[in-house]
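Have a look at the structure below, then the notes.
The values are calculated or read from the model by the stated rules, or taken from the named source; none is laboratory data. Since this is a predicted model, take the numbers as computed values, not measurements. Cβ: placed from backbone, ideal geometry, glycine included. Neighbour counts: every protein chain shown.
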Amino acid sequence: MIIFTKKELTKIQNINFHDAEIAKIVCDYYEGTVEMPIIMFPPHDTKEYGAVLKFEKIMHVEVTRKEPWGSGMYIFEVNIDEAEDDYFRVSILLNSGDEVNIIAAKMIYSESE
């Protein structure tokens, strides 16, 4: 498990999200969380594995599904930017051209067993 806060954003560079598959985005408005189960495809390993991205203390969630580049649910790139106070923005661009934008105070990456 890797926990990201605004002070530890550089740690995200240690994870290769390129070509990971996003199957579901679950927003719990009451708890203020977003969970994204993903399938990771390591570049030098033929065996994929499951993982979860969980965002806590969310301030903003936006998901487009217009598919301007065609259908697809694989991560093309992940960008992280600072936001106000203790928050940061995670922008996920999919191979479809769609985007997932989340502003949160914490992101947790954990591999499934």
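Key figures for this structure:
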| read-out | value |
| --- | --- |
| Extreme residue, surrounded by the most Cβ atoms within 10 Å (Cβ to Cβ), among residues of segment 62-105 that are of a type in the set (V, I, T) and more than 22 Å from Q13 (Cα to Cα) | V63 |
| Residue within segment 11-24 that is part of a strand (DSSP E or B), surrounded by 13 or more Cβ atoms within 10 Å (Cβ to Cβ), out of contact with any Lys or Arg (no Cβ under 6 Å at 6 or more places or on another chain) and without any contact (Cβ under 8 Å) to a residue 40 or more places away in the chain present | no |
| Residue satisfying condition, being within 12 Å of the chain's Cα centre (by Cα) and among the basic types (K, R), within set R89, R65 | R89 |
| Filter result (surrounded by 11 or more Cβ atoms within 10 Å (Cβ to Cβ), farther than 19 Å from A105 by Cβ and in contact (Cβ under 8 Å) with a residue 12 or more places away in the chain) within segment 25-61 | P37, I38, I39, M40, F41, P42, Y49, G50, A51 |
| Some residue of segment 9-21 being among the basic types (K, R) and modelled with pLDDT under 90 | yes |
